[in-house]
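Novice: Attaching a single structure in C-alpha coordinates format; questions to follow.
The values are calculated or read from the model by the stated rules, or taken from the named source; none is laboratory data. Keep in mind that what you see is a predicted model, and the values were worked out from it rather than measured. All Cβ positions, glycine included, derive from the backbone under ideal geometry; neighbour counts span all protein chains shown. Areas reflect the complete protein model, heavy atoms only, side chains present, ligands, DNA and RNA absent. Shrake-Rupley method; radii C 1.70, N 1.55, O 1.52, S 1.80 Å.
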Amino acid sequence: MRTFPAAIFSRVASRRHLGPRGGFSLLELLAVLLLMGLLLGIGLPAFQNMLQGGLQREVKRLTGILRLLRNEAVLTRTPFQLIIDLDGHAYRVEEEDPDGELIPRDDPAEFRRHELPSGFELQEFELFGQGGQVIQNGEVGVRVDSSGFMDPFLLRFIFEEKPYTLRVATLAGRLDLEEGHLEENQVGE
(Lines give C-alpha, C1' and ligand atoms only; values in the text may rest on other atoms or scores of the structure.)
Protein backbone atom coordinates (compact mmCIF):
# COMPACT_ATOMS: atom_id res chain seq x y z
CA MET A 1 0.00 0.00 0.00
CA ARG A 2 1.22 3.36 -0.86
CA THR A 3 1.35 6.09 1.74
CA PHE A 4 1.27 9.81 1.21
CA PRO A 5 3.14 12.26 3.33
CA ALA A 6 0.88 13.81 5.97
CA ALA A 7 1.59 17.38 4.73
CA ILE A 8 0.05 16.68 1.31
CA PHE A 9 -2.96 14.95 2.79
CA SER A 10 -3.65 17.81 5.18
CA ARG A 11 -3.56 20.41 2.34
CA VAL A 12 -6.02 18.44 0.21
CA ALA A 13 -8.34 17.86 3.17
CA SER A 14 -8.31 21.48 4.21
CA ARG A 15 -9.37 22.63 0.73
CA ARG A 16 -12.35 20.30 0.76
CA HIS A 17 -13.60 21.66 4.05
CA LEU A 18 -13.40 25.33 3.05
CA GLY A 19 -16.56 25.09 0.96
CA PRO A 20 -17.40 27.60 -1.75
CA ARG A 21 -15.23 30.64 -1.71
CA GLY A 22 -16.84 34.06 -0.98
CA GLY A 23 -17.09 37.06 -3.36
CA PHE A 24 -17.29 37.39 -7.14
CA SER A 25 -14.70 36.78 -9.80
CA LEU A 26 -13.73 39.63 -12.07
CA LEU A 27 -15.47 37.89 -14.97
CA GLU A 28 -18.75 37.62 -13.05
CA LEU A 29 -18.56 41.29 -12.04
CA LEU A 30 -17.92 42.39 -15.64
CA ALA A 31 -20.87 40.29 -16.87
CA VAL A 32 -23.23 41.93 -14.34
CA LEU A 33 -21.97 45.43 -15.24
CA LEU A 34 -22.41 44.71 -18.95
CA LEU A 35 -25.96 43.46 -18.38
CA MET A 36 -26.84 46.55 -16.29
CA GLY A 37 -25.39 48.81 -18.98
CA LEU A 38 -27.49 47.13 -21.66
CA LEU A 39 -30.66 47.42 -19.59
CA LEU A 40 -29.96 51.08 -18.85
CA GLY A 41 -29.20 51.75 -22.51
CA ILE A 42 -32.53 50.25 -23.54
CA GLY A 43 -34.62 51.54 -20.65
CA LEU A 44 -33.50 55.18 -20.46
CA PRO A 45 -34.61 56.19 -23.98
CA ALA A 46 -37.92 54.39 -23.43
CA PHE A 47 -38.41 56.31 -20.18
CA GLN A 48 -37.58 59.60 -21.90
CA ASN A 49 -40.03 58.75 -24.70
CA MET A 50 -42.68 58.03 -22.11
CA LEU A 51 -42.20 61.51 -20.62
CA GLN A 52 -42.18 63.17 -24.04
CA GLY A 53 -45.07 60.96 -25.11
CA GLY A 54 -47.53 63.12 -23.18
CA LEU A 55 -46.36 66.23 -24.97
CA GLN A 56 -46.37 64.58 -28.40
CA ARG A 57 -49.76 62.99 -27.75
CA GLU A 58 -51.37 66.35 -26.87
CA VAL A 59 -49.79 68.17 -29.83
CA LYS A 60 -50.94 65.38 -32.14
CA ARG A 61 -54.46 65.57 -30.68
CA LEU A 62 -54.64 69.34 -31.19
CA THR A 63 -53.30 68.98 -34.74
CA GLY A 64 -55.98 66.41 -35.48
CA ILE A 65 -58.72 68.64 -34.10
CA LEU A 66 -57.55 71.62 -36.18
CA ARG A 67 -57.53 69.51 -39.34
CA LEU A 68 -60.93 68.05 -38.50
CA LEU A 69 -62.30 71.56 -37.85
CA ARG A 70 -61.07 72.83 -41.20
CA ASN A 71 -62.53 69.84 -43.04
CA GLU A 72 -65.84 70.07 -41.17
CA ALA A 73 -66.12 73.82 -41.86
CA VAL A 74 -65.55 73.34 -45.59
CA LEU A 75 -67.83 70.30 -45.93
CA THR A 76 -70.76 71.75 -43.95
CA ARG A 77 -70.12 75.40 -44.96
CA THR A 78 -70.36 76.23 -41.23
CA PRO A 79 -67.96 78.41 -39.23
CA PHE A 80 -66.47 77.00 -36.02
CA GLN A 81 -64.38 78.29 -33.15
CA LEU A 82 -61.68 76.56 -31.20
CA ILE A 83 -62.05 77.99 -27.69
CA ILE A 84 -58.80 77.89 -25.70
CA ASP A 85 -59.28 78.30 -21.95
CA LEU A 86 -55.95 79.70 -20.73
CA ASP A 87 -56.98 79.65 -17.06
CA GLY A 88 -58.61 76.20 -17.12
CA HIS A 89 -55.85 74.65 -19.28
CA ALA A 90 -58.40 73.17 -21.68
CA TYR A 91 -59.95 73.68 -25.10
CA ARG A 92 -63.23 72.87 -26.83
CA VAL A 93 -65.03 73.43 -30.14
CA GLU A 94 -68.13 75.55 -30.71
CA GLU A 95 -70.19 75.84 -33.88
CA GLU A 96 -71.53 79.14 -35.17
CA ASP A 97 -75.24 79.02 -35.99
CA PRO A 98 -76.83 81.16 -38.79
CA ASP A 99 -77.53 83.94 -36.25
CA GLY A 100 -73.85 84.10 -35.25
CA GLU A 101 -74.43 82.43 -31.86
CA LEU A 102 -71.84 79.90 -30.67
CA ILE A 103 -73.15 76.46 -29.75
CA PRO A 104 -70.91 73.91 -27.96
CA ARG A 105 -70.26 70.79 -30.06
CA ASP A 106 -70.19 67.34 -28.47
CA ASP A 107 -70.11 65.32 -31.65
CA PRO A 108 -67.65 64.00 -32.64
CA ALA A 109 -66.17 63.31 -29.21
CA GLU A 110 -62.95 65.14 -30.16
CA PHE A 111 -64.88 68.42 -30.12
CA ARG A 112 -65.85 68.11 -26.45
CA ARG A 113 -63.99 70.08 -23.80
CA HIS A 114 -60.55 68.55 -23.36
CA GLU A 115 -58.62 69.15 -20.14
CA LEU A 116 -54.88 69.11 -20.64
CA PRO A 117 -53.10 66.58 -18.40
CA SER A 118 -51.21 67.64 -15.30
CA GLY A 119 -47.85 69.10 -16.15
CA PHE A 120 -49.37 71.30 -18.90
CA GLU A 121 -49.81 74.96 -18.10
CA LEU A 122 -51.07 77.27 -20.85
CA GLN A 123 -49.27 80.62 -20.65
CA GLU A 124 -50.06 82.91 -23.58
CA PHE A 125 -51.91 83.13 -26.86
CA GLU A 126 -50.95 85.44 -29.73
CA LEU A 127 -52.53 85.86 -33.15
CA PHE A 128 -50.02 86.59 -35.93
CA GLY A 129 -50.03 90.11 -37.22
CA GLN A 130 -52.04 91.59 -34.34
CA GLY A 131 -49.33 94.05 -33.30
CA GLY A 132 -47.92 91.80 -30.63
CA GLN A 133 -51.18 91.56 -28.65
CA VAL A 134 -50.61 88.73 -26.18
CA ILE A 135 -53.50 87.25 -24.21
CA GLN A 136 -52.53 85.61 -20.93
CA ASN A 137 -55.82 84.73 -19.25
CA GLY A 138 -59.45 83.94 -19.95
CA GLU A 139 -60.82 82.24 -23.04
CA VAL A 140 -59.64 82.91 -26.57
CA GLY A 141 -61.52 81.92 -29.71
CA VAL A 142 -59.80 80.93 -32.94
CA ARG A 143 -62.36 81.23 -35.73
CA VAL A 144 -62.42 78.78 -38.62
CA ASP A 145 -64.59 80.21 -41.38
CA SER A 146 -66.65 78.17 -43.84
CA SER A 147 -63.80 78.18 -46.37
CA GLY A 148 -61.51 76.52 -43.80
CA PHE A 149 -59.41 79.64 -43.21
CA MET A 150 -58.07 80.10 -39.69
CA ASP A 151 -55.87 82.90 -38.40
CA PRO A 152 -52.36 81.66 -37.62
CA PHE A 153 -51.40 81.84 -33.96
CA LEU A 154 -48.81 81.06 -31.30
CA LEU A 155 -49.67 79.19 -28.13
CA ARG A 156 -47.02 79.31 -25.40
CA PHE A 157 -47.16 76.78 -22.60
CA ILE A 158 -45.11 74.92 -20.03
CA PHE A 159 -44.88 71.14 -19.95
CA GLU A 160 -43.01 69.38 -17.15
CA GLU A 161 -41.43 72.73 -16.18
CA LYS A 162 -40.04 73.35 -19.70
CA PRO A 163 -41.33 76.20 -21.90
CA TYR A 164 -42.66 75.46 -25.41
CA THR A 165 -44.22 77.42 -28.26
CA LEU A 166 -46.77 75.88 -30.59
CA ARG A 167 -46.97 77.73 -33.92
CA VAL A 168 -50.04 77.14 -36.04
CA ALA A 169 -49.49 78.45 -39.58
CA THR A 170 -52.84 77.53 -41.07
CA LEU A 171 -52.30 78.79 -44.61
CA ALA A 172 -49.42 76.37 -45.05
CA GLY A 173 -51.17 73.73 -42.94
CA ARG A 174 -48.18 73.57 -40.61
CA LEU A 175 -48.04 73.11 -36.90
CA ASP A 176 -44.58 73.45 -35.35
CA LEU A 177 -43.55 72.75 -31.78
CA GLU A 178 -40.47 74.64 -30.60
CA GLU A 179 -38.75 74.44 -27.25
CA GLY A 180 -38.70 77.79 -25.42
CA HIS A 181 -41.08 80.75 -25.35
CA LEU A 182 -40.49 82.25 -28.77
CA GLU A 183 -41.82 85.37 -30.45
CA GLU A 184 -43.59 85.35 -33.81
CA ASN A 185 -40.43 86.37 -35.70
CA GLN A 186 -38.30 83.72 -33.94
CA VAL A 187 -40.45 80.67 -34.64
CA GLY A 188 -39.25 78.36 -37.36
CA GLU A 189 -35.71 79.73 -37.53
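Novice: So, in nm, how far is label GLU101 from label ARG67 when the simple model puts each one 7 Å beyond its Cα toward the Cβ?
Specialist: Result for the modelled spin labels: 3.4 nm.
Novice: With a 1.4 Å probe and all protein chains left in place, how much of the accessible area of segment 99-147 comes from carbon and sulfur atoms, in whole percent?
Specialist: 40 percent
Novice: How big is the accessible area of VAL32 in square angstrom, nearest 10, if you roll a 1.4 angstrom probe over the protein chains?
Specialist: Accessible area, nearest 10 Å²: 80 Å².
Novice: So, one more: So for each of 108-116, 80-88 I average, over its residues, the number of other beta carbons within 10 Å; can you give me the resulting order with the highest mean first? Show your work: numbers first, answer last.
Specialist: Working: 108-116: 14.0, 80-88: 18.7.
In descending order of packing, they fall as 80-88, 108-116.
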